[in-house]
Amino acid sequence: MMSSAAVSVPARPFQSFNEMTSFIWSIADLLRGDYKQSDYGKVILPFTVLRRLDCVLDATRQQVLARHESLQNSQVKNLDPILNRITGVPFHNISKLTFDRLKDDPGHIAANITSYIRGFSDNAREIFIDWSLANFVNGPN
(Lines give C-alpha, C1' and ligand atoms only; values in the text may rest on other atoms or scores of the structure.)
Protein backbone atom coordinates (compact mmCIF):
# COMPACT_ATOMS: atom_id res chain seq x y z
CA MET A 1 0.00 0.00 0.00
CA MET A 2 1.27 3.48 -0.75
CA SER A 3 2.38 5.67 2.11
CA SER A 4 -0.18 8.05 3.54
CA ALA A 5 2.08 11.11 3.29
CA ALA A 6 0.37 13.48 0.86
CA VAL A 7 2.45 15.79 -1.24
CA SER A 8 0.76 18.73 -2.90
CA VAL A 9 2.41 20.30 -5.91
CA PRO A 10 0.84 23.46 -7.30
CA ALA A 11 -0.04 23.42 -10.99
CA ARG A 12 2.34 25.43 -13.09
CA PRO A 13 3.24 25.75 -16.75
CA PHE A 14 6.50 24.20 -17.87
CA GLN A 15 8.98 26.29 -19.81
CA SER A 16 10.73 23.36 -21.49
CA PHE A 17 10.53 19.65 -22.11
CA ASN A 18 13.51 19.12 -19.79
CA GLU A 19 11.75 20.96 -16.99
CA MET A 20 8.66 18.79 -17.41
CA THR A 21 10.77 15.62 -17.53
CA SER A 22 12.58 16.61 -14.35
CA PHE A 23 9.26 17.25 -12.64
CA ILE A 24 7.86 13.86 -13.66
CA TRP A 25 10.94 12.03 -12.44
CA SER A 26 10.88 13.99 -9.18
CA ILE A 27 7.51 12.34 -8.59
CA ALA A 28 9.20 8.99 -9.15
CA ASP A 29 11.55 9.87 -6.29
CA LEU A 30 8.50 10.18 -4.02
CA LEU A 31 7.63 6.58 -4.86
CA ARG A 32 11.11 5.31 -4.03
CA GLY A 33 9.98 3.76 -0.75
CA ASP A 34 6.90 2.14 -2.24
CA TYR A 35 7.95 0.89 -5.66
CA LYS A 36 11.00 -0.77 -7.11
CA GLN A 37 12.95 1.52 -9.40
CA SER A 38 12.18 -0.81 -12.32
CA ASP A 39 8.45 -0.22 -11.71
CA TYR A 40 8.57 3.62 -11.79
CA GLY A 41 7.82 3.85 -15.49
CA LYS A 42 4.95 1.40 -15.11
CA VAL A 43 3.36 3.81 -12.63
CA ILE A 44 4.55 7.26 -13.70
CA LEU A 45 3.74 7.05 -17.41
CA PRO A 46 0.15 5.81 -17.04
CA PHE A 47 -0.65 8.38 -14.36
CA THR A 48 0.96 11.14 -16.41
CA VAL A 49 -1.20 10.17 -19.39
CA LEU A 50 -4.27 9.87 -17.16
CA ARG A 51 -3.68 13.40 -15.87
CA ARG A 52 -3.11 14.73 -19.38
CA LEU A 53 -6.35 13.21 -20.67
CA ASP A 54 -8.14 14.70 -17.67
CA CYS A 55 -6.77 18.15 -18.52
CA VAL A 56 -7.74 17.83 -22.19
CA LEU A 57 -11.33 16.98 -21.23
CA ASP A 58 -11.71 19.50 -18.43
CA ALA A 59 -13.23 22.35 -20.47
CA THR A 60 -16.01 20.15 -21.89
CA ARG A 61 -16.59 17.83 -18.93
CA GLN A 62 -19.92 19.30 -17.81
CA GLN A 63 -21.28 19.45 -21.37
CA VAL A 64 -20.38 15.78 -21.93
CA LEU A 65 -21.99 14.72 -18.65
CA ALA A 66 -25.17 16.67 -19.43
CA ARG A 67 -25.40 15.32 -22.98
CA HIS A 68 -24.72 11.76 -21.82
CA GLU A 69 -27.48 12.07 -19.22
CA SER A 70 -29.93 13.48 -21.78
CA LEU A 71 -29.29 10.55 -24.14
CA GLN A 72 -29.68 7.74 -21.59
CA ASN A 73 -33.29 6.96 -22.55
CA SER A 74 -32.92 7.70 -26.26
CA GLN A 75 -32.77 5.34 -29.21
CA VAL A 76 -29.14 6.28 -29.89
CA LYS A 77 -26.98 3.19 -29.39
CA ASN A 78 -23.51 4.61 -30.08
CA LEU A 79 -22.96 7.76 -28.06
CA ASP A 80 -19.24 7.99 -28.80
CA PRO A 81 -19.46 10.19 -31.93
CA ILE A 82 -21.85 12.58 -30.19
CA LEU A 83 -19.76 12.89 -27.03
CA ASN A 84 -16.48 13.06 -28.94
CA ARG A 85 -17.87 15.92 -31.03
CA ILE A 86 -18.40 17.85 -27.80
CA THR A 87 -14.85 17.20 -26.58
CA GLY A 88 -13.26 17.97 -29.94
CA VAL A 89 -10.96 14.96 -29.52
CA PRO A 90 -11.52 11.27 -30.31
CA PHE A 91 -12.31 10.29 -26.71
CA HIS A 92 -14.41 11.33 -23.73
CA ASN A 93 -15.10 10.45 -20.10
CA ILE A 94 -18.54 10.12 -18.53
CA SER A 95 -17.33 9.71 -14.95
CA LYS A 96 -18.31 12.40 -12.49
CA LEU A 97 -14.86 12.01 -10.97
CA THR A 98 -11.89 14.10 -12.03
CA PHE A 99 -8.21 13.53 -11.46
CA ASP A 100 -8.25 16.20 -8.73
CA ARG A 101 -11.32 14.71 -7.03
CA LEU A 102 -9.65 11.29 -6.84
CA LYS A 103 -7.38 12.50 -4.04
CA ASP A 104 -10.36 13.79 -2.01
CA ASP A 105 -11.20 10.25 -0.91
CA PRO A 106 -7.85 8.55 -0.16
CA GLY A 107 -9.54 5.65 1.60
CA HIS A 108 -11.15 4.58 -1.67
CA ILE A 109 -8.50 5.66 -4.16
CA ALA A 110 -8.19 2.26 -5.87
CA ALA A 111 -11.95 1.91 -6.43
CA ASN A 112 -12.26 5.53 -7.54
CA ILE A 113 -9.39 5.32 -10.03
CA THR A 114 -10.88 2.15 -11.46
CA SER A 115 -14.28 3.84 -11.73
CA TYR A 116 -12.74 6.95 -13.29
CA ILE A 117 -10.91 4.88 -15.92
CA ARG A 118 -14.13 2.96 -16.71
CA GLY A 119 -15.72 6.31 -17.55
CA PHE A 120 -13.42 6.81 -20.53
CA SER A 121 -14.52 5.85 -24.01
CA ASP A 122 -13.31 2.39 -25.06
CA ASN A 123 -10.39 3.67 -27.12
CA ALA A 124 -8.93 5.68 -24.22
CA ARG A 125 -9.72 3.07 -21.58
CA GLU A 126 -7.85 0.45 -23.59
CA ILE A 127 -4.61 2.38 -23.04
CA PHE A 128 -4.84 1.81 -19.31
CA ILE A 129 -5.83 -1.81 -19.74
CA ASP A 130 -2.78 -2.38 -21.96
CA TRP A 131 -0.56 -0.84 -19.27
CA SER A 132 -2.18 -3.03 -16.60
CA LEU A 133 -2.58 0.06 -14.46
CA ALA A 134 -4.98 -1.76 -12.17
CA ASN A 135 -2.05 -3.89 -10.99
CA PHE A 136 -0.38 -0.78 -9.56
CA VAL A 137 -3.36 1.11 -8.15
CA ASN A 138 -3.19 -0.68 -4.81
CA GLY A 139 0.53 -0.14 -4.52
CA PRO A 140 3.43 -2.51 -4.94
CA ASN A 141 3.10 -6.18 -4.12
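The values are calculated or read from the model by the stated rules, or taken from the named source; none is laboratory data. No experiment lies behind these values; they were computed from the predicted model shown. A quick note on method: Cβ atoms are made from the backbone with ideal geometry, for glycine too, and the neighbour counts reach across all protein chains shown.
Tell me, please, whether a residue that is within 28 Å of Phe120 (Cα to Cα), among the charged types (D, E, K, R), modelled with pLDDT under 70 and out of contact with any Ser or Thr (no Cβ under 9 Å at 6 or more places or on another chain) can be found in the range 10-28.
yes
When you scan the range 61-141 for helices (runs of 4 or more DSSP H) that lie fully inside it, which ones turn up with 1 or more residues that are touching a residue at least 40 places away in the same chain (Cβ under 8 Å) and crowded, with 17+ Cβ neighbours inside 10 Å?
Details: elements: 61-70, 80-87, 99-102, 109-118, 122-130, 134-137.
By residue number, 99-102, 109-118, 122-130, 134-137.
Basic (Lys, Arg) and either touching a helix residue (DSSP H, G or I) at 6+ places or on another chain (Cβ under 7 Å) or within 24 Å of Leu133 (Cα to Cα) (or both): is that true of Arg85 in this structure?
Values: basic (Lys, Arg): yes; either touching a helix residue (DSSP H, G or I) at 6+ places or on another chain (Cβ under 7 Å) or within 24 Å of Leu133 (Cα to Cα) (or both): no.
When the stated conditions are applied, Arg85 does not pass them.
Taking the range 71-103, which residues are modelled with pLDDT of 95 or more, more than 21 Å from Phe47 (Cβ to Cβ) and small (Gly, Ala, Ser)?
Selection gives Gly88 alone.
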